[in-house]
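In what follows, a single structure is set out as structure tokens and then discussed.
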Amino acid sequence: MTAATPRLLLAIDRGAATTSVAILGRPATTWRVLGTLAAPAAVEPGTLASTIATRIVAADAGLATSLGLRPDAVDDLPRLEARSRPPSTLAIVAGSRRTADLLASSAARTPWRSRIASPETHDPREMTELVLDAGVSAILLGSGDPAGPDERAALDDLAALVTAAARRRPGLDVVVAGAIRTRRALGGLREREGAGRLVEVPAARRRGGWDDPIRDALASLIADPSDARTAMPLALGSLAEVTDRRMSLVEVGYDGGLLAWAVPPPASAPAGAAAAVRSVHSAAGELVAPQTIPEDVDAVMAWTIGEHDRHRLTDRLRELRGAPWADLSGPGVRLRLAAARAAILRLRRVAVGLEPDEPADIVLVAGGAFAAGPPAATALAVIDTTRRPGTVALAWDAARLLAPLGTIADPVERRTLVADLADDLLVPLGSAIVAATAGATRDAGSPGRHPVGRLQVDGPDGGTILDLVPGDLSIVDLPPGRVAAATIVTDEGIGLVRRARRATVTVNGGVAGLVVDLRPVPLRLPDRRDRRRSTIAAWDAITWPEEVP
Amino acid sequence: MSAPSGLALVAAAPLVEDGVELRFALRPGDRAFVVPGEPVAAGAPIAGRLRDPRTEVLPARASVPDTARPGDRWTAGPGRGADPDAPEGELLFASGRRWRVAGGEHVETLEAPVAGVVTAVVAGSEIRIATGARAIRGRELIGGTTTGRLEVISPRDGEVRATDLDVDLAGAIVVVGARIDAEAITRARAVGIRGIVVATLGTRERRDALATDERGRAAVHGLPPFAILVLEGAVRLPIGASTMAVLDALEGRTVALVPEPAALVVDAPSLALPAPDPTVVRIRSGPWAGLEGAFAGLAGPRRVDRGVIVETAWVRIGDRPPVAVALGDLDRRIAR
């Protein structure tokens, strides 16, 4: 795509649950978002585009005419299109449960859904059944290097089993890791005819960081530049370059989730240098798993206030999985935000050791899980699951543009379009000040009674002054477009990035405003269910708008 | 008359599919009786599935040809020093000069539920059959393939109790309406009902049904075929009106419930079935959940609850004035 040539562009994100379309136009010299619309995945993009075009014509016929926008001709428009690749299933086979779990920890940092087998859990027939399952797209066969005493005896059999099964499925990809690579039986695998790939890598490491050959090998098997979660980090990088800000992204979707980080090039870097981008795309980040397990249900229940019955909550989660667009009322959105919190926490556990030490300046929120929530409730869902003292701006990819923009292969072209769209691309949610206070109690259900300081937010009408009470959560009205100075003064010292008695930070306004969060870091919910519910209900009252009579 | 503008934004799915490929899972040790390209009649045996599969290790003295390959059948034939204790089954792999074999004693015959042509046979994995049968897809099937005469014993929003089920229904696949409880499911099995078609199934009932099914597979003598086709999901909803009309039209006919795709299938390609009105939409949740009405155009973004703004559409329910319903709460059925 050459940005200079067309004046209209379709940006399409075809997710597993949602199809989203935006019409981008260039009425003068820069690109703008003219309209967006999202619908269930079964709806064709052309239908959405035509509807948007009709609305644009109705709102500003002159603009539509000047751009040549016609509702009956949207299919002819050039397009950027990202798709969510359907999840693939990986069979992990190892000589011991210990090794299998180690392999699974690498696989968890990829989009693969894993099914795990070892002689401790499966006999050879059951393992063969797993590998022959038509739903399994690849095998990860691994051992330690050297092989441990708990797995050594099984390696010859496993090598022969996997080779035999893979020869019956010539298209099956196989990754072999560790000392088992030297087993003679694998010779048959190397001679196998067919389209299936064989990748051999070193053994899995405990507490693997970014340098993880197993993870890289698994990711390479399903690499797809048009996949939405492959493209989004690239767009994030372009945003970091354009804004010169450290960015992070939290995305929770139907079939997976994404954490991504982008650091702009240093000032000393040559012009046009790229941002440093890293990401973790994991099936663990899916809003609701295809098969709900009790642990996942409990994780969601911990964040709900209305559900008292685990079976009923499981029903609602299964319904959310089966009909992801249904029930967008208040209770339905609350359920989504509770499930999103649980998904983000699973993502963070998978990404332990991978997150950068320095916090982001801006956190972006994306994915269908956040599509309908009130802005403050959405912001709180991210703050609850991202507990870092400091100040951060929050924004939302409401128009689902990050993925289509990320499919632009040329980084210069991509940066140019992102720069044009920067003001339209994201909905500013606002800012959050998360502070660790000396008086915060052990869990979040018991705010301290006495103020430990004061927050003053400058404003044209004198600003806002807020007493700082440990454990409290407050929202200060700070509309989009406002940039303000927030000064914190305390007697006991307050932990932002560093502990200080006085600190002034810059905060950005947004549709949610400024969230002032003095709850404990890390956040611990009360163990007792009644106290937990009353605590969450109190936060709910702050972040959800009043009922409109 | 043309459909109101915006109807295409409501998710649509075919009510009945004409012609469907069915998949039957095989496990290592199971035996296919058919080959690709072979036509099969309804009721024809297509595979023998082991109810007690296990791994056997062939004795070192067992004679296995050098040309043997994983997936081949192994039988200790007569003569040639045959060992009467040597197992038979499907060769898995050889390690340490001894073959592993998937075998078992108790075989259950799988029959083709409808006529078709075998399109694929993969030992230890699957059999696929292309059929001209018509299918009503559901969300999930619990249990295995089963056939029976279709009996509608409840209105589409009804709930059947255990006392409603008696031995007169033996051999039938019953349509039970919106919901069924665990006691009624147990009763259905006990009186010889072959299958249940229900709109929704709660987690508790689903868990119990899965557990019973698992126990039945493991039992020495097995259980008669039984399956539950869940049409919609977990939260209570009636069967859609257009779906119910088709089920009513099929009453008395032999139908099958199949797992992949989860569906009710019937071998009646020329049977006229009621076609759905594509402008009728069903409401899945909210204050009008379960009701159906006529789509009356887009209503634009609206606040549906505290702070929740969604795209909505007008729906005319009966004689009432149109109501604005979230687009995501609507679905409809169309003719293919």
(message) Can you give the FRET efficiency to the nearest 0.05 for A:ARG524 and B:ARG320, using r as the Cβ-Cβ distance and R₀ = 30 Å?
(response) 0.05
(request) Using a 1.4 Å probe on the heavy atoms of the protein chains only, list every residue of segment A:149-163 that has 30 Å² or more less accessible area in the complete assembly than in its chain alone. (result) A:ASP157, A:ALA160
(message) Based on alpha-carbon centroids, what's the gap between segment A:369-421 and segment B:124-184 in Å, whole number please?
(response) 46
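Please give me, ordered by residue number, the GluC sites (Glu not before Pro) of segment A:119-184 that lie in loop per DSSP and have at most 15 other Cβ atoms within 10 Å. Before the final figure, lay out each step's value.
Working: sites: A:GLU120, A:GLU126, A:GLU129, A:GLU151; in loops: A:GLU120, A:GLU151.
Answer in residue order: A:GLU120.
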(request) Excluding A:VAL489 itself, calculate the net charge of residues whose Cβ lies under 10 Å from the Cβ of A:VAL489, where each Lys or Arg counts +1 and each Asp or Glu counts -1. (result) +2
(request) Report in % the part of the accessible area of segment A:6-91 that belongs to carbon and sulfur, leaving out ligands and nucleic acids; probe 1.4 Å. (result) 50
(message) When the expected Rg is taken as 2.2 N^0.38 Å, what fraction or multiple of it is the alpha-carbon Rg of segment B:1-136?
(response) 1.51
(request) Please turn the phi angles of segment A:466-472 into ³J(HN,Hα) values with the Karplus equation 6.51 cos²θ - 1.76 cosθ + 1.60 (θ = phi - 60°), one per residue in order, whole Hz, x for glycine and proline. (result) 10, 6, 9, 10, x, x, 7
(message) Starting from the 7 Å offset along Cα-to-Cβ, what nm value, one decimal, do you get for the label separation of A:ASP477 and A:GLU191?
(response) 7.9
(message) With every protein chain kept in place and ligands, DNA and RNA left out, what is the accessible area per residue of segment A:235-340? Probe 1.4 Å, answer in Å².
(response) 35
(request) Calculate how many DSSP beta bridges within chain A are antiparallel, expressed in % of all such bridges and rounded to the nearest 5. (result) 60
(request) May I ask you to evaluate 6.51 cos²θ - 1.76 cosθ + 1.60, the Karplus curve with θ = phi - 60°, for each residue of segment B:69-75 and list the ³J(HN,Hα) values in order in whole Hz, giving x for glycine and proline? (result) 10, x, x, 6, 7, 10, 9
(message) Looking at chain B as a GNM with Cα springs under 10 Å, which of B:PRO28, B:PRO287, B:PRO274 has the largest mean-square fluctuation?
(response) B:PRO287
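Find how much the distance from A:ASP423 to A:ALA267 grows on full extension, using 0.36 nm per residue of separation minus their present alpha carbon separation; answer in nm with one decimal.
Answer, rounded to one decimal: 53.8 nm.
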(request) Would you compute the Debye intensity of chain B from its alpha-carbon atoms alone, equal scatterers and no solvent, and pass along log10 I(q)/I(0) at q = 0.06, 0.12, 0.16 Å⁻¹ to two decimals? (result) -0.29, -0.90, -1.28
(message) Between segment B:258-318 and segment A:249-292, how far is it from one alpha carbon centroid to the other, in angstrom?
(response) 36
(request) Would you mind computing, in nm to one decimal, how far apart the modelled labels at A:ASP309 and B:ALA3 are, each placed 7 Å from Cα along Cα→Cβ? (result) 3.7
(message) At a cut-off of 20 Å², which residues of segment B:49-66 become less accessible once all protein chains are present than in their chain alone, using a 1.4 Å probe?
(response) B:PRO53, B:THR55
(message) Along the Cα→Cβ direction, 7 angstrom out, place labels at B:VAL167 and B:ARG31. What is the inter-label distance in nm?
(response) 3.6
(request) Taking amide H positions as placed in the peptide plane 1.01 Å from N, state which residues far from A:TRP396 in sequence (5 or more) or on other chains have amide H under 5 Å from it. (result) A:VAL365, A:VAL427, A:LEU429
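Heavy atoms only, probe 1.4 Å: what % of the accessible area of segment B:1-63 goes to carbon and sulfur, would you let me know?
55
Please give the total accessible area that chains B and A bury against each other, computed with a 1.4 Å probe and expressed in Å² to the nearest 100.
3900
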(request) Could you check what % of the DSSP bridge pairs in segment B:1-142 are antiparallel, to the nearest 5? (result) 95
(message) Based on alpha-carbon atoms only, what is the radius of gyration of the protein assembly as shown relative to the globular estimate 2.2 N^0.38 Å?
(response) 1.03
(request) Would you kindly calculate the translational diffusion coefficient of segment A:49-116, applying Stokes-Einstein with the Kirkwood radius from alpha carbon pairs, for 37 °C and a viscosity of 0.692 mPa s, and quote it in µm² s⁻¹ without decimals? (result) 203
(request) Using R₀ = 35 Å, calculate the FRET efficiency as 1/(1 + (r/R₀)^6) where r is the Cβ-Cβ separation of A:VAL505 and B:ARG303; round to 0.05. (result) 0.55
(request) Only helical DSSP H runs with n ≥ 4 go in: add -39500 (n - 2.57) per run for chain A, normalise by residue count and round the 222 nm mean residue ellipticity to 500 deg cm²/dmol. (result) -9500 deg cm²/dmol
(message) Distance between the C-alpha centers of segment A:174-202 and segment B:1-43? Whole Å please.
(response) 36
(request) Pop out the ³J(HN,Hα) list for segment B:224-231 in order, Karplus 6.51 cos²θ - 1.76 cosθ + 1.60 with θ = phi - 60°, rounded to Hz; leave Gly and Pro as x. (result) x, x, 7, 8, 10, 9, 9, 7
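With every protein chain present, what is the per residue accessible area of chain B (1.4 Å probe, Å²)?
44
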(message) Give me the residues in segment A:343-384 whose solvent-accessible area, probe 1.4 Å, is reduced by at least 30 Å² once all protein chains are included instead of the chain isolated.
(response) A:ALA372
(request) Take the Cα radius of gyration of segment A:249-288 and divide it by 2.2 N^0.38 Å, with N its residue count; two decimals is plenty. (result) 1.59
(message) Suppose R0 equals 35 Å. What FRET efficiency, 1/(1 + (r/R0)^6) with r the Cβ-Cβ distance, do B:ARG207 and A:ARG98 give to the nearest 0.05?
(response) 0.70
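The values are calculated or read from the model by the stated rules, or taken from the named source; none is laboratory data. Bear in mind the structure is a predicted one, so any value in this text is a computation, not a measurement. As a convention, Cβ positions derive from the backbone with ideal geometry for all residues, glycine included, and neighbour counts pool all protein chains shown. Side chains are part of the model used for accessible areas, which takes the heavy atoms of the whole protein and leaves out ligands, DNA and RNA. Shrake-Rupley method; radii C 1.70, N 1.55, O 1.52, S 1.80 Å.
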